[in-house]
Amino acid sequence: QYRKYKPLTAAKKCVSCQLKKVKKAYHILCDDCARAKKVCAKCQDDGKIIDDFNPKSILEAQKDDQELERRLANMRERERRSYRRKIERGDIKPSDVPDLGDDDSDFDFTGSEDESSDEEKLA
């Protein structure tokens, strides 16, 4: 049962271009042919293909992470952990986290102003 994974020691032949360019275990197509055909390099399935390197998406992911951290920084620790748990489970997207800003969302400023104006009227 153990030691089932066998890493490649030398490059294998690509089924499509017949060149020794396959460097990943269990793959039958090289990365170039898989991208050109838009199929999986292991099973040749034309499902969702994941591109490993895309510098634009890396930058966008960093910006999204920074925005999420900024939003979470304005929350209490309990709320922060709760939202992180929900994001990890996939219940919500990071964009669904509310932006509380710098002020405390639980405190109602209008109520205190109305009370003070009522007190002034009575005096």
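The values are calculated or read from the model by the stated rules, or taken from the named source; none is laboratory data. Predicted model only: the values in this text are computed from it and were never measured. Ligands, DNA and RNA are stripped out before the accessible areas are found, and what is left, the full protein with its side chains, is counted by its heavy atoms. Shrake-Rupley method; radii C 1.70, N 1.55, O 1.52, S 1.80 Å.
Between ILE58 and ASP31, what is 0.36 nm times their sequence separation minus the Cα-Cα distance? Round to one decimal in nm. The partial results should precede the final answer.
Details: separation 27, 0.36 × 27 = 9.72 nm, distance 2.00 nm.
My answer for the length gained is 7.7 nm.
Summarising the amide proton neighbourhood of VAL22: residues at separation of 5 or more, or on other chains, whose placed amide H is nearer than 5 Å comprise LYS12, CYS14. Length gained on full extension, ARG3 to ASP99: 29.7 nm, using 0.36 nm per residue less the C-alpha separation. Solvent exposure of ILE92, expressed as accessible area, is near 40 Å², computed with a probe of 1.4 Å over the protein chains only.
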